[in-house]
Amino acid sequence: DGINIEKDATVTWKYSVTTGTGNVPLTIDSITDDQGVTPVYVSGDTNANGLLDPGETWLYEASGIAIAGTYNNLGTVSAHDSLNKQVGDDDPSSYFGFDPQIVIVKTTSDGTTEGDGINIEKDAPVTWKYSITTGTGNVPLTIDSVTDDQGVTPVYVSGDTNANGLLDPGETWLYTATGTAIAGTYNNLGTVSAHDSLNKQVGDDD
């Protein structure tokens, strides 16, 4: 209960049903899940009499695809005994759907103007800025590398507001690199790679 699962991974829910401290066999009327999945009987009726006998554990399962964020569902069982006495129980379960995402936005600045495709005087100083966020992701990330394909070296400047060494949702980490403008059109590509606590690799470039 409450485990971490990667978004879009297959999830299996297991529903174990017993008579507890009860001392009579029961006829199972229904096993349901409040989130719409359908529990299916797997095993447990050891004497094949169609009754949940004391000492037996009947297993039902349902499956689905993990969504992002916190997911809660409730399994419910209803049954009756030979005197038609109705009994029931329910039990909640939950998981957190990991959705690691990373976004890098690279801009160029001459100290006055900042953007992409701007005009800069030859031999003037140039600063490249690399802004990195988790985008729509919902988990912290460990930054593995921030690189530029033209050989300049992006250096971390700021953004780790809680000083935990992780790019948290809501934070924007800024890296910069500097150089000198050349004549003509200049193109470069900033790339970031990172991983989450489940070692899921993510990356982006701009």
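The values are calculated or read from the model by the stated rules, or taken from the named source; none is laboratory data. Everything numeric here is computed off the predicted structure, so don't read it as measured data. Note that each Cβ is placed from the backbone with ideal geometry, even for glycine, and that neighbours are counted across all protein chains shown. Side chains included, ligands, DNA and RNA excluded: accessible areas come from the protein's heavy atoms. Shrake-Rupley method; radii C 1.70, N 1.55, O 1.52, S 1.80 Å.
Phi angles across the range 153-160 convert, under the Karplus curve 6.51 cos²θ - 1.76 cosθ + 1.60 with θ = phi - 60°, into 3J(HN,Hα) values of 10, x, 10, 4, 10, 6, x, 7 Hz, Gly and Pro given as x. The alpha-carbon of residue 129 sits under 24 angstrom from the alpha-carbons of these lysines, leaving out residues fewer than 8 places away in its chain: 106.
Note: relative contact order over the range 121-168, using C-alpha pairs below 8 Å and six or more positions apart, is 42 percent. The phi-based Karplus calculation (6.51 cos²θ - 1.76 cosθ + 1.60; θ = phi - 60°) puts the 3J(HN,Hα) values of the range 5-22 at 9, 5, 3, 6, 6, 6, 10, 10, 9, 10, 10, 9, 10, 9, 8, x, 8, x Hz, whole numbers, x for Gly and Pro. For every other residue with a beta carbon closer than 15 angstrom to the beta carbon of residue 64, add +1 if it is Lys or Arg and -1 if Asp or Glu, then tell me the sum. Here the charged neighbours net out to -3. Relative to the Cα centre, the charge distribution of the range 97-181, modelled as +1 at Lys and Arg Cβ and -1 at Asp and Glu Cβ, gives a dipole magnitude of about 20 debye. Taking the Cα centre of the range 61-206 as reference, the dipole from Cβ charges on Lys and Arg (+1) and Asp and Glu (-1) amounts to some 80 debye. Amide H contacts of residue 56 (H built 1.01 Å from N, in plane; Pro and chain starts excluded): 19 sit under 5 Å, all sequence-distant by 5 or more or on other chains.
Between the amide H of residue 4 and those of 96, distances stay under 5 Å, these residues lying 5 or more places away or on another chain, with hydrogens modeled in the peptide plane. Ligands, DNA and RNA left out, the accessible area of the chain computed with a 1.4 Å probe is 49% carbon and sulfur. Loop-located GluC sites (Glu not before Pro) in the range 102-206 (DSSP state not H, G, I, E or B) with no more than 11 neighbouring Cβ atoms inside 10 Å: 121.
Summing charges over all other residues whose Cβ lies under 14 Å from the Cβ of residue 154, with Lys and Arg as +1 and Asp and Glu as -1, gives -4. In the assembled protein chains, residue 12 presents an accessible area of approximately 80 Å² (probe radius 1.4 Å). Overall, the range 1-147 carries a charge dipole of about 240 debye about its Cα centre when +1 sits on the Cβ of Lys and Arg and -1 on the Cβ of Asp and Glu, all other atoms neutral.
For residue 42, the solvent-accessible surface with a 1.4 Å probe is about 80 Å², rounded to the nearest 10.
Around residue 90, with a cut-off of 13 angstrom between Cβ atoms, what is the net charge of the other residues, counting Lys and Arg +1 and Asp and Glu -1? Charge balance in the 13 Å sphere: -4. Karplus-derived 3J(HN,Hα) values for the range 50-63, using 6.51 cos²θ - 1.76 cosθ + 1.60 with θ = phi - 60°, are x, 10, 7, 8, x, x, 8, 10, 8, 10, 10, 9, 9, 9 Hz; glycine and proline are entered as x. Placing unit charges on the Cβ atoms of the charged side chains and taking the dipole of the chain about its Cα centre, the candidate lying farthest along the positive direction among 140, 49, 64 is 140.
Per residue, how much accessible area does the chain have with a 1.4 Å probe, in Å²? Ligands and nucleic acids excluded, the result is 56 Å² per residue. Taking all protein chains as shown and a probe of 1.4 angstrom, residue 80 keeps an accessible surface of around 40 Å². Loop-located trypsin sites (Lys or Arg not before Pro) across the range 104-201 with a Cβ neighbour count of 16 or fewer within 10 Å are 122, 200, with loop assigned by DSSP. Under 5 Å between amide hydrogens, built in the peptide plane, is the criterion, and for residue 68 it picks out nothing among residues at least 5 positions away or on other chains.
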